[in-house]
Amino acid sequence: MTRESQRESDTDTDTGSREQPEPRPIDWTDPDTFAQALEQVETKEKGNYFEDFAEGDLLEHDPGLTLTRWGNESWLSQTLNHDPAYWRTDAAAERGFDEPPIHPDYLTAATLGITVEDLSEKGGYFLGRTDVRFPGTPVYAGTELHVESEVVSTATSGSRPEFGIVTWRTRGTDAQTGDVLCSYERTNMIPRREPVATDGGAATAESDEEDDEPTLPETFVTPDGGYFEDFVEALETVDDENAAVAYRHERGRTQDDVTVASLPLATLNTAKQHHNIDVMADSPSGDIVTYGDVTRSTALGHARSDEQTWREVGFDDEQFHTFVAAGDTVYAFTRVLAAEDDASTDAAGTVRFEHIAFNQDDEPVYSGTRTAEIQKRTA
Ligand SMILES: CC(C)(COP(=O)(O)OP(=O)(O)OC[C@H]1O[C@@H](n2cnc3c(N)ncnc32)[C@H](O)[C@@H]1OP(=O)(O)O)[C@@H](O)C(=O)NCCC(=O)NCCSC(=O)C[C@H](O)C(=O)O
């Protein structure tokens, strides 16, 4: 080979790039070598810190999700949501649906799941959510979901210097038509890149301390059935502050790998809280924890099993009080707040509920209010 042809063979004539020498082999199976390499290299980080969010920022979330019947049915079956209109075509038709639609709980969970990579993957606690509405329902299987969020506010956490508190307004739209299908405002604690000095959470003055005595009504009334009229009748019997319409639901759902890890992953929720036991071992919960939407949907499933739901209208003041982990059992408690004959159909009336999810130790883990149209017995 001439010197010229040697030069040509060393150089790729199309790209002009010089052939790289083969990298020096490294024995990655030697534990010391690999451990040192892990220490020296940079980690390609995922997610955003608190400092990355500023009020007014708009985020268009890249992941999309096609809402499928499989996703819907997996979610509904694992959270014990058995409303026949979401399972059977004849029951769907009676409700005015073309076919069993996507359930608002799964729609909400999928809308939030898609946002996690941008908003909370860094590892923030899901604290609460309000103004959950479904302007574009019914939604059918095959709909492609597109989601965007706007930063509503950012605040310092007085009690936790390593976190900030961020609230976003999120909208899940039909990617084809642009119709808004689900919207809500959600608040998370988000890790800071740099902890800040705080007042440590202002100490409560003694005089402000809450009285530990429970202030419960004397009487609790249980509705006779699950129709609109049953809620109206029960409320009519409790017209003073010493009585309330409230009851617990018998079913419980112990959290397992499916509810803790599989359901959130199926909504593209990348929060490490739900699937990375290794990282979570060092967290306050010491374990992976249930996605807030699974906890809440399970409690709502228990509640719906004791009523004749017609349509979900919305949810407000949702709060997550403590963690739910694998092995914990989610139960539900319901208080009926109001009933009005002003639904979108003569077949139903509107009822406002307060739902509490609680665990096997009777600790509330979730609370929120819900407005739903409930079928009339007389319809
Ligand atoms: C998160 C907790 C451990 C906090 O408990 P605690 O230390 O007792 O603090 P506070 O309850 O006082 O709250 C801390 C600060 O946060 C503010 N806060 C609380 N709730 C809200 C709210 N709804 N809106 C706005 N701000 C809120 C308080 O005012 C405090 O502020 P400051 O005094 O200035 O510090 C505990 O609450 C807990 O364990 N909660 C359960 C969390 C949970 O399990 N969530 C669901 C699972 S995680 C998840 O689903 C993640 C999801 O995938 C996602 O990515 O979002």
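Beta carbons closer than 7 Å, at least 6 apart along the sequence or on distinct chains, pair a first residue in the stretch 285-298 that is near the ligand (Cβ under 8 Å from one of its atoms) with a second that is open to solvent by 10 Å² or more (accessible area, probe 1.4 Å) and of a type outside the set (A, V, I, L, M) for Ser285/Phe323; Val289/Gln273; Val289/His274; Val289/Phe323; Tyr291/His274; Gly292/Phe126; Gly292/Phe320. In a residue-by-residue description of the stretch 303-326, the property of being crowded, with 19+ Cβ neighbours inside 10 Å, hydroxyl-bearing (Ser, Thr, Tyr), more than 13 Å from the ligand (Cβ to nearest atom) and modelled with pLDDT of 95 or more applies to at least one position.
Among the residues of the stretch 49-64, the ones that are within 19 Å of the chain's Cα centre (by Cα), modelled with pLDDT of 95 or more and open to solvent by less than 50 Å² (accessible area, probe 1.4 Å) come to 2 in all. Count of the stretch 40-95 residues, restricted to those that are among the acidic types (Asp, Glu) and over 21 Å from Ile190 (Cα atoms), is 5. Looking only at residues in the stretch 1-48 that are modelled with pLDDT under 55 and assigned to a helix (DSSP H, G or I), which one is surrounded by the fewest Cβ atoms within 10 Å (Cβ to Cβ)? This residue is Arg3. For the stretch 66-84, the set of residues classified as within 16 Å of the chain's Cα centre (by Cα) and open to solvent by 20 Å² or more (accessible area, probe 1.4 Å) consists of Ser74, Gln78, listed by residue number.
Within the stretch 85-143, the residues that satisfy the criterion of being open to solvent by 40 Å² or more (accessible area, probe 1.4 Å) and either in a helix (DSSP H, G or I) or within 16 Å of the ligand (Cβ to nearest atom) (or both) are Thr89, Asp90, Ala93, Glu94, Glu117, Tyr125, Leu127, Thr130, Asp131. What do you reckon, is Asp328 acidic (Asp, Glu) and under 18 Å from Asp362 (Cα atoms)? Yes.
In the stretch 151-167, the residue that is nearest to the ligand (Cβ to nearest atom) out of those that are among the hydroxyl-bearing types (Ser, Thr, Tyr) and more than 14 Å from Gly124 (Cα to Cα) is Ser159. Summed over the stretch 144-155, the residues that are surrounded by 16 or more Cβ atoms within 10 Å (Cβ to Cβ) and over 19 Å from the mean Cα position of the chain (by Cα) give a count of 1.
The values are calculated or read from the model by the stated rules, or taken from the named source; none is laboratory data. As the structure is a prediction and not an experimental result, all values here were calculated from the model. Virtual Cβ from ideal backbone geometry, glycine too; neighbours counted across all protein chains shown. Just so you know, the surface numbers come from the protein's heavy atoms only, side chains and all, with ligands and any DNA or RNA stripped out. Shrake-Rupley method; radii C 1.70, N 1.55, O 1.52, S 1.80 Å.
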